[in-house]
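Quick notes on the structure that follows.
All of the numbers you see were taken from the coordinates with simple rules; none came from a lab. For clarity, every value in this text was computed on a predicted model and none was experimentally measured. Here Cβ is always computed from backbone atoms with ideal geometry, including for glycine, and neighbour counts include all displayed protein chains.
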Amino acid sequence: MQLSGSLFSTQFIGMTAVAAAVVMFVAVRHAPWRKLLDGSNSNVFFGALVCMLILWVLRTEMEEGLVFHLSAMTALTLMFGWSMAIIGGSIVLGAVILFGMGDWSGFFPSMLVEVLAPASLTWFSLLLVRALLPRNFFIYVFINAFLTGGFVAVLSALLTMLFLLSASNYTWEMLNRSYLPFFPLMFVPEAVLNGWIMTILVGLKPQWVFSFSDEEYLHGK
């Protein structure tokens with residue numbers, strides 16, 4: 001969910017900028033840069049970003065300054081880990097704005113709701129499932145990719161709604177009429193998209209998926 005900076009006050013944008021800078025610092029500091037230096041890994045990473053960029057420019061404007069598009073941030077996080085998902089998602093968001101689809105003042109609130117929130121919720125879900133459930137191929141695909149992808153889309157939309165209610169001119173009545181009815185529609189396509197991406201990848205190219213291991217999820221199951 002991409003947001004326009006025109007919806008928010010300068011103070012709110014400044015607060016989101018500080019939060020985004022802290023998150024980016026942590027991500028850059030803990031990112032596995034040595035893996036990216038490998039030619040094949042970097043090709044996969046930047047290839048994934050190009051695919052996401054194509055996905056993010058296919059969009060619809062729900063209200064003025066409020067744009068919806070499919071995300072695939074869950075798949076990106078499962079493929080490359082939390083840190084690289086934050087960095088990669090921010091690069092894609094910046095590229096979308098460079099192409100004239102958005103404004104730079106909206107970069108920071110958009111980064112929090114469509115990059116940080118999905119990546120963090122996906123990674124938390126992965127750790128929780130690993131702690132509570134056996135490591136099984138079908139559990140990984142159905143829960144970590146399919147269900148998590150759908151729920152992350154809805155939770156990110158809820159965070160967007162909180163931003164709009166607390167720091168913009170949108171009222172509950174406006175959002176209830178033009179935004180909330182679309183929540184169920186956000187779950188299904190995002191769940192299916194991430195589920196299919198991860199099913200294909202762990203089946204054909206498991207070495208491309210940072211959070212998946214044949215030894216853990218397949219061998220001896």
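Quick notes on this one:
- Helix 73-98 and the longest principal axis of the C-alpha atoms of the chain enclose an angle of approximately 40°.
- Theoretical ellipticity at 222 nm over the chain - DSSP helices of four or more residues, -39500 (n - 2.57) apiece, nearest 500: -21500 deg cm²/dmol
- Residue separation of residue 53 and residue 188 scaled by 0.36 nm, minus their Cα-Cα distance, works out to 46.5 nm of gained length.
- Tilt relative to the chain, helix 148-167 - C-alpha long axis, 0 to 90 degrees, to 10: 20
- For the range 50-145, averaging the sequence separation of C-alpha pairs within contact (under 8 Å, six or more residues apart) and dividing by the residue count gives a relative contact order of 27 percent.
- The range 2-217, dipole about Cα centre (Lys/Arg Cβ +1, Asp/Glu Cβ -1), debye to the nearest 20: 420
- Packing-based exposure ordering (other Cβ within 10 Å, fewest first) of 74, 171, 122: 171, 122, 74
- Contact order normalised by residue count of the range 2-217, Cα under 8 Å, 6+ apart, percent: 27
- Computed about its Cα centre, the charge dipole of the range 9-122 is approximately 500 debye, with only Lys, Arg, Asp and Glu carrying charge at their Cβ.
- Nearest 10 degrees, 0 to 90: helix 39-57 Cα axis against the chain principal axis: 40
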